[in-house]
Amino acid sequence: MDTEKAVLDKGPFFHGTKAALKIGDLLVPQYKSNYQDKKSNYIYFTATLDAAKWGAELAATESKERIYIVEPTGEFENDPNVTDKRFPGNPTRSYRSKSALKITAELSEWERHSDEEINHMLASLKQLREEGKAVIYD
(Lines give C-alpha, C1' and ligand atoms only; values in the text may rest on other atoms or scores of the structure.)
Protein backbone atom coordinates (compact mmCIF):
# COMPACT_ATOMS: atom_id res chain seq x y z
CA MET A 1 0.00 0.00 0.00
CA ASP A 2 1.30 3.46 -0.93
CA THR A 3 1.35 5.64 2.20
CA GLU A 4 2.89 8.66 0.49
CA LYS A 5 0.50 11.59 0.13
CA ALA A 6 -0.36 12.52 -3.46
CA VAL A 7 1.50 15.60 -4.71
CA LEU A 8 -1.00 18.33 -5.59
CA ASP A 9 1.34 20.02 -8.10
CA LYS A 10 5.08 19.79 -8.70
CA GLY A 11 5.46 23.41 -9.86
CA PRO A 12 7.53 25.44 -10.47
CA PHE A 13 5.57 27.95 -8.39
CA PHE A 14 5.26 31.72 -8.68
CA HIS A 15 4.09 34.57 -6.47
CA GLY A 16 3.17 37.87 -8.10
CA THR A 17 3.37 40.96 -5.90
CA LYS A 18 4.74 44.47 -5.64
CA ALA A 19 6.78 43.75 -2.51
CA ALA A 20 10.57 44.09 -2.82
CA LEU A 21 11.99 40.85 -1.44
CA LYS A 22 15.28 38.93 -1.57
CA ILE A 23 16.30 35.40 -2.46
CA GLY A 24 15.91 33.29 0.69
CA ASP A 25 13.16 35.48 2.19
CA LEU A 26 10.05 33.72 3.44
CA LEU A 27 6.55 34.79 2.46
CA VAL A 28 4.23 34.01 5.36
CA PRO A 29 0.55 34.46 6.17
CA GLN A 30 -0.74 37.12 8.57
CA TYR A 31 0.52 40.07 6.54
CA LYS A 32 -1.69 42.60 4.80
CA SER A 33 -3.33 41.16 1.70
CA ASN A 34 -2.34 42.50 -1.73
CA TYR A 35 -6.02 42.82 -2.58
CA GLN A 36 -8.00 43.67 0.57
CA ASP A 37 -7.47 45.87 3.58
CA LYS A 38 -6.94 43.00 6.02
CA LYS A 39 -4.40 40.45 7.10
CA SER A 40 -4.48 37.23 5.12
CA ASN A 41 -4.65 33.83 6.82
CA TYR A 42 -2.91 32.20 3.85
CA ILE A 43 -0.11 32.91 1.42
CA TYR A 44 -1.24 32.51 -2.19
CA PHE A 45 0.76 31.24 -5.17
CA THR A 46 0.35 29.65 -8.59
CA ALA A 47 2.05 27.30 -11.00
CA THR A 48 1.16 29.44 -14.05
CA LEU A 49 2.99 32.54 -15.13
CA ASP A 50 -0.27 34.14 -16.32
CA ALA A 51 -1.86 33.96 -12.86
CA ALA A 52 1.36 35.29 -11.27
CA LYS A 53 1.31 38.23 -13.67
CA TRP A 54 -2.22 39.10 -12.53
CA GLY A 55 -1.04 38.91 -8.92
CA ALA A 56 1.72 41.41 -9.59
CA GLU A 57 -0.36 43.70 -11.79
CA LEU A 58 -3.38 43.88 -9.48
CA ALA A 59 -1.58 44.25 -6.15
CA ALA A 60 -2.85 47.43 -4.49
CA THR A 61 0.29 49.58 -4.32
CA GLU A 62 2.21 51.73 -6.76
CA SER A 63 5.49 49.82 -6.30
CA LYS A 64 7.29 47.85 -9.01
CA GLU A 65 5.55 44.67 -10.16
CA ARG A 66 7.54 41.54 -9.35
CA ILE A 67 7.21 37.81 -9.86
CA TYR A 68 9.12 35.49 -7.57
CA ILE A 69 9.78 31.80 -7.98
CA VAL A 70 8.85 30.21 -4.67
CA GLU A 71 9.05 26.86 -2.92
CA PRO A 72 6.32 25.77 -0.50
CA THR A 73 7.74 24.75 2.90
CA GLY A 74 4.63 22.86 3.98
CA GLU A 75 1.30 21.54 2.82
CA PHE A 76 -0.90 23.57 0.48
CA GLU A 77 -4.36 23.32 -1.03
CA ASN A 78 -6.26 24.51 -4.10
CA ASP A 79 -7.29 28.16 -3.73
CA PRO A 80 -11.07 27.86 -3.24
CA ASN A 81 -11.56 31.50 -4.29
CA VAL A 82 -10.51 30.57 -7.81
CA THR A 83 -11.16 26.84 -8.15
CA ASP A 84 -14.58 26.64 -6.48
CA LYS A 85 -15.94 29.99 -7.61
CA ARG A 86 -14.57 30.51 -11.12
CA PHE A 87 -12.50 27.70 -12.59
CA PRO A 88 -13.51 24.17 -11.51
CA GLY A 89 -10.63 21.74 -11.87
CA ASN A 90 -8.06 24.48 -11.12
CA PRO A 91 -6.74 25.21 -14.64
CA THR A 92 -5.01 28.31 -13.18
CA ARG A 93 -3.11 25.99 -10.81
CA SER A 94 -3.75 28.46 -7.96
CA TYR A 95 -2.92 27.42 -4.39
CA ARG A 96 -2.73 28.68 -0.84
CA SER A 97 -0.86 27.62 2.28
CA LYS A 98 -0.61 28.46 5.96
CA SER A 99 3.09 27.53 5.71
CA ALA A 100 5.79 29.83 4.38
CA LEU A 101 6.92 30.08 0.78
CA LYS A 102 10.67 30.42 0.28
CA ILE A 103 11.80 32.79 -2.47
CA THR A 104 14.31 30.99 -4.68
CA ALA A 105 14.54 33.48 -7.57
CA GLU A 106 12.96 36.54 -9.18
CA LEU A 107 11.90 36.59 -12.81
CA SER A 108 13.88 39.46 -14.28
CA GLU A 109 11.78 39.74 -17.43
CA TRP A 110 8.18 38.94 -18.21
CA GLU A 111 5.54 40.42 -20.47
CA ARG A 112 2.73 42.30 -18.75
CA HIS A 113 -0.88 41.99 -19.77
CA SER A 114 -1.92 44.85 -22.03
CA ASP A 115 -3.21 48.05 -20.42
CA GLU A 116 -6.58 47.24 -22.00
CA GLU A 117 -6.67 43.79 -20.34
CA ILE A 118 -5.62 45.23 -16.97
CA ASN A 119 -8.19 48.03 -17.14
CA HIS A 120 -10.90 45.52 -18.06
CA MET A 121 -9.95 43.32 -15.09
CA LEU A 122 -9.90 46.33 -12.73
CA ALA A 123 -13.37 47.38 -13.96
CA SER A 124 -14.68 43.84 -13.45
CA LEU A 125 -13.26 43.71 -9.92
CA LYS A 126 -14.77 47.13 -9.14
CA GLN A 127 -18.17 45.90 -10.30
CA LEU A 128 -17.87 42.79 -8.11
CA ARG A 129 -17.05 45.00 -5.09
CA GLU A 130 -20.03 47.25 -5.81
CA GLU A 131 -22.29 44.17 -6.02
CA GLY A 132 -20.85 42.78 -2.76
CA LYS A 133 -19.44 39.77 -4.60
CA ALA A 134 -15.71 40.49 -4.14
CA VAL A 135 -15.41 38.17 -1.17
CA ILE A 136 -12.13 36.36 -0.57
CA TYR A 137 -12.64 33.22 1.52
CA ASP A 138 -9.55 33.32 3.67
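The values are calculated or read from the model by the stated rules, or taken from the named source; none is laboratory data. Predicted, not measured: the structure shown is a model, and the values here were computed from it. Reconstructed Cβ throughout: ideal geometry from the backbone, glycine too, with neighbour counts over all protein chains shown.
Side notes on the structure shown:
- Annotation note: of Ala60, Ala105, Ala56, Ala51, the sole residue that is within 26 Å of Lys22 (Cα to Cα), in a loop (DSSP other than H, G, I, E, B) and among the hydrophobic types (A, V, I, L, M, F, W, C) is Ala60.
- Residue match in the stretch 75-90 (condition: of a type outside the set (S, T, N, Q), exposed (fewer than 15 other Cβ atoms within 10 Å of the Cβ), at pLDDT 90 or above and more than 13 Å from the chain's Cα centre (by Cα)): yes
- Unmet requirement for Ser99, which otherwise passes all of (1) small (Gly, Ala, Ser); (2) modelled with pLDDT under 85; (3) part of a loop (DSSP other than H, G, I, E, B): (2)
- Qualifying residue in the stretch 44-59 (condition: under 25 Å from Lys10 (Cβ atoms), surrounded by 14 or more Cβ atoms within 10 Å (Cβ to Cβ) and modelled with pLDDT under 75): no
- The stretch 1-43: number of residues that are assigned to a strand (DSSP E or B) and modelled with pLDDT under 90: 2
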